[in-house]
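The values are calculated or read from the model by the stated rules, or taken from the named source; none is laboratory data. These numbers were taken from a predicted model, which means no experiment stands behind them. Backbone-built Cβ (ideal geometry, glycine too); neighbour counts: all protein chains shown. Accessible surface is based on the protein model in full, side chains and every heavy atom, while ligands, DNA and RNA are left aside. Shrake-Rupley method; radii C 1.70, N 1.55, O 1.52, S 1.80 Å.
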Amino acid sequence: LFVVSTYSTPPKQLITVTYILYTAATRTMTPIPTIDLSGSSEELEIVMNLREACTHVGFFYLEGHSIPQSLLDQVLAKSQVLFSLPIDQKISLSDSTLQRGYTRFEEETLDPINQQCRGDTKEGYYIGNEVDVKNMDTAKLRGPNVWPSTEKCNMTDEECNQFRKIMEEYRLEATKVCMNLLPYFAMAVESDDRQLFDDFFKDPSTFVRLLHYSSEPSSPEEGIFACGAHSDYGMITLLLTDGNPGLQVRLNNENWIDIPPRKGAFVVNIGDM
């Protein structure tokens, strides 16, 4: 399965939060399936719909995931505060060795074949497992995160502490959601062992990626994209978006479809693993 996603530029600036590690009741006019883990769906129905999503689309909406809307709202709000900082302050919050902290507009080029002039018109902020310097492993991108501080940006101590607290809480909660999905993936491949994949994720590498897309219109003819076409590495991506549209998915028939934002739901992307 080859999964591709891209962002066209919406009318307003778009902020997304990406987390890396048929509806249970099918909705009409839904471009991708919806899976609900709230308990309203039978287990077999979830498994069948997950198998359908993974083999035909590669994406699905996830509802009933147990992360409160208040936390999701805080993550998006704190992301907006961070990206509103002056560019020189954002640049000071980066670690290119571990791929942590801030990345500039056009620093990444996810589709180099079609983006030969400019990189993605987005900026980002990457947060991973918090590992102290003594146990740092640059080959596995494991080490300390870069956090906003009063020495590097014009955020108060309280704002810096709140940013870290919310992002760390979100990463832990998102990890739980991904781990809760693993048994369904095992059953979807018709295994009798619900813990089929558990050993591979005893100490997973997990990343939160805050992404802010420019309001500049994309121009495929000129090779300008908010985010070039790509497939995600890893196993599972949880994508949280604000209310702005822009996400597109390419189907097996080569057609691109829009994936409308849905408040409180994740768009789940099956990664290359």
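Brief remarks follow.
- Residue list for the range 230-250, filter: surrounded by fewer than 16 Cβ atoms within 10 Å (Cβ to Cβ) and farther than 26 Å from Phe197 by Cβ: Gly243
- Within the range 136-149, if we keep just the residues that are assigned to a strand (DSSP E or B) and touching a strand residue (DSSP E or B) at 6+ places or on another chain (Cβ under 8 Å), the residue that is surrounded by the most Cβ atoms within 10 Å (Cβ to Cβ) turns out to be Gly143.
- Residue match in the range 232-242 (condition: more than 22 Å from Ser219 (Cα to Cα), out of contact with any strand residue (DSSP E or B) (no Cβ under 7 Å at 6 or more places or on another chain) and of a type in the set (Phe, Trp, Tyr)): yes
- Taken over the range 107-135, the criterion of being assigned to a loop (DSSP other than H, G, I, E, B) and at pLDDT 90 or above is satisfied by Gly128, Asn129, Val131, Asp132.
- Sole exception among (1) closer than 25 Å to Glu107 by Cβ; (2) at pLDDT 90 or above; (3) open to solvent by 50 Å² or more (accessible area, probe 1.4 Å) for Glu216, by number: (2)
- Picking from residues in the range 166-199 that are of a type in the set (S, T, N, Q) and open to solvent by less than 50 Å² (accessible area, probe 1.4 Å), the one that is farthest from the chain's Cα centre (by Cα) is Ser191.
- Taking the criterion of being within 24 Å of Arg164 (Cα to Cα) and assigned to a loop (DSSP other than H, G, I, E, B), the residues of the range 90-106 that qualify are Ser92, Leu93, Ser96, Thr97, Leu98, Gln99, Arg104, Phe105.
- Condition broken by Phe225, with the remaining ones in (1) modelled with pLDDT of 90 or more; (2) open to solvent by 30 Å² or more (accessible area, probe 1.4 Å); (3) hydrophobic (A, V, I, L, M, F, W, C) satisfied: (1)
- Thr30 at pLDDT below 95, surrounded by fewer than 19 Cβ atoms within 10 Å (Cβ to Cβ), within 30 Å of Glu254 (Cβ to Cβ) and in contact with a Phe, Trp or Tyr (Cβ under 9 Å, 6 or more places away or on another chain): yes
- Residue selected from the range 64-98 under the condition surrounded by fewer than 18 Cβ atoms within 10 Å (Cβ to Cβ) and charged (D, E, K, R), by the criterion nearest to Gly39 (Cα to Cα): Asp73
- Matching residues in the range 37-56 - criterion: being open to solvent by 30 Å² or more (accessible area, probe 1.4 Å) and outside any helix (DSSP H, G or I): Leu37, Ser38, Gly39, Ser40, Glu42
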